[in-house]
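The values are calculated or read from the model by the stated rules, or taken from the named source; none is laboratory data. These numbers come from a predicted model, not from an experiment. Backbone-built Cβ (ideal geometry, glycine too); neighbour counts: all protein chains shown.
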Amino acid sequence: MSKGTVRFPESAIVDGRIGTSRIAATIAGAAARLASDVDVPLDAATSRMVAPPRGVKTEIANLRQIASSRCTPVQRVQQLGRLGTGRMNKTEAAYEQLLAARLHLGEILFYRFEAHKLRLGDNTFYTPDFTVIVADGSTEYHEVKGYWTDKARAKTKAAAAQHPYRFIAIKRAGRHGWSFEDLTSRSW
């Protein structure tokens, strides 16, 4: 059949509409499959894209087992990986509650999580956890850690040496407490 100058196969034209009934049926079928509790296997092309090549899965498992057997407990926790940009871990979320209380009391005027990115050198940046504006109008950068590594402390001190802000290192002290350390190296 043809409509104007464009020719369509008979299967494409149903009930006087071109292709829409086929699309509607496809969408309805997909919605029904998503709503059901039955697992639908992937088609062959999709499963080839998703599945790793043969032998890679067992190789990855072996490497993880070897790496975890030689690590200290702290290193094993660090292997879990970083959260994405803009997402807080549990320690940072708990500290944010403290900042919200201080904001309510009027001790601070503003705070924001990962608001700034400071350049330390070529291809080297430092993103403080919290940017805080104190009631007197000065800016502070708060870095919150459950455990301080030498690398994290060195990077924070390097940022403190280069930028005219107050840098505060915050560590979880027990279940409900915090320990604070001023890392500012100059009195700007």
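From the list S179, S138, S185, which residue is farther than 23 Å from Q97 by Cα and among the hydroxyl-bearing types (S, T, Y)?
S185
Of the set (1) at pLDDT 90 or above; (2) surrounded by 15 or more Cβ atoms within 10 Å (Cβ to Cβ), all apply to A161 but (2).
Among the residues of the range 84-132, those identified as assigned to a strand (DSSP E or B) and either of a type in the set (K, R) or not assigned by TED's automatic domain parsing to the domain that holds P164 (or both) are R112, R119.
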